[in-house]
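Right, one structure below, let's go through it.
The values are calculated or read from the model by the stated rules, or taken from the named source; none is laboratory data. Model, not experiment: these values are computed from the prediction. Please note: Cβ atoms are built from the backbone with ideal geometry, for glycine as well, and neighbour counts cover all protein chains shown.
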Amino acid sequence: MDTNGTSWLAWPDQIVDVMCKLVLCVTSAAMFAILLANVFLRYLFGTSLEWAAELPELLFPWFVMSGVVLATSHNAHIYIGFVTDRTYGAMRVCLALLRSALIVSTYAVLAWVTLDLLPIVADERTPILGVPGSLTYFCLLLGFALIGLKEITLLVRALHGVPTPHEKVAYE
């Protein structure tokens with residue numbers, strides 16, 4: 001346990017990071033395998049998998065959103081560290097609070113709008129696989145919620161004076 005009792009802040013970040021890395025690995029491998037198999041079938045046998053275009057389209061939003069959440073983990077998504085890195089003490093905490101409030105409120109609005117759209121897009125289905133359109137919108141909703149969670153942990157770290165693992169300048 002660390003000296004100021006904030007070791008618990010690492011757990012949510014680590015769990016989300018592992019989940020996102022797993023999603024990135026699985027989706028990229030699946031998209032590559034499907035597209036590669038389809039190319040081989042097309043050139044060797046003159047045929048293709050009917051669903052080979054739909055599945056990568058369904059996996060791609062999960063791939064992208066997990067990358068966006070991971071970027072938040074590394075403080076590389078909507079990075080305004082160039083401002084906070086040059087400030088210290090109360091000003092730094094104030095800027096971190098402002099940044100977090102802005103990002104959390106923006107993603108909360110996006111999540112709310114996405115939640116309203118879920119019933120509408122649930123009726124849309126992919127032509128071959130019949131997967132509802134709400135699956136990709138749920139991915140957005142989950143991503144927005146995870147970004148909000150990550151941003152809140154960044155804020156709590158800032159309020160406790162604990163630097164993020166990827167931060168170059170420690171809070172003072």
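Things to note:
- Single residue of region 105-138 satisfying the filter (crowded, with 17+ Cβ neighbours inside 10 Å and of a type in the set (Ser, Thr, Tyr)) that is farthest from Ile152 (Cα to Cα): Thr126
- Flag not set for Asp116, criterion: part of a loop (DSSP other than H, G, I, E, B), acidic (Asp, Glu), farther than 19 Å from Glu151 by Cα and modelled with pLDDT under 95.
- Residue list for region 113-141, filter: of a type in the set (A, V, I, L, M) and in contact with a strand residue (DSSP E or B) (Cβ under 8 Å, 6 or more places away or on another chain): Val121, Ala122, Val131
- Segments classed as helices (runs of 4 or more DSSP H), wholly inside region 7-102, with at least 2 members that are under 19 Å from Leu142 (Cα atoms): 10-45, 54-73
- Checking the stated criteria, Ala71 turns out to be in contact with a His (Cβ under 8 Å, 6 or more places away or on another chain), farther than 18 Å from Leu135 by Cα and not acidic (Asp, Glu).
- Single condition Leu55 does not satisfy, out of (1) surrounded by 15 or more Cβ atoms within 10 Å (Cβ to Cβ); (2) hydrophobic (A, V, I, L, M, F, W, C); (3) under 30 Å from Trp11 (Cα atoms); (4) more than 12 Å from the chain's Cα centre (by Cα): (3)
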